[in-house]
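Structure, as structure tokens:
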């Protein structure tokens, strides 16, 4: 009876990919689809960047098979381990993703889901991501 927003961002907080799932789904099931959904990053001379160098995540994404698959793709997994004390150091850079999620949830339609159809809700998520990208680019080039 609810939905969960999974998002992957760059180091600045620009949304790269977003997924919508049911609230009862585990976070780790969306780790690989999020990484695969990242579009090629162009803009610099040469071949576009196809994958990130590393992926950071909280304890919800802790899974050794997923870590191994990320390593096979050439991506360094920096995921907090379950059943360990807080203070893994991920909070120093994890706040960027939390800030982006908070920015998405500033839009009332995304904070409380009113739509029954998931495609409409995903469209509003995309619009929210577009507005966040616009704000990031506006602050970067002004």
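Values quoted throughout were computed directly from the atomic coordinates according to the rules given, and no laboratory measurement underlies them. Here the structure is a predicted model, which means the values were calculated and not measured. As a convention, Cβ positions derive from the backbone with ideal geometry for all residues, glycine included, and neighbour counts pool all protein chains shown.
Of all the residues that make up the stretch 66-81, how many are over 21 Å from residue 5 (Cα atoms) and either in contact with a helix residue (DSSP H, G or I) (Cβ under 9 Å, 6 or more places away or on another chain) or surrounded by 12 or more Cβ atoms within 10 Å (Cβ to Cβ) (or both)?
Of the residues in that region, 7 qualify.
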Give me a count of the residues in the stretch 1-21 that are surrounded by fewer than 14 Cβ atoms within 10 Å (Cβ to Cβ) and within 16 Å of the chain's Cα centre (by Cα). 2
Residue satisfying condition, being farther than 22 Å from residue 133 by Cβ and touching a residue at least 24 places away in the same chain (Cβ under 8 Å), within set 20, 70: 70
Can you pull out the residues in the stretch 119-135 that are within 16 Å of the chain's Cα centre (by Cα), in contact (Cβ under 8 Å) with a residue 40 or more places away in the chain and surrounded by 14 or more Cβ atoms within 10 Å (Cβ to Cβ)? 122, 125, 129, 132, 133
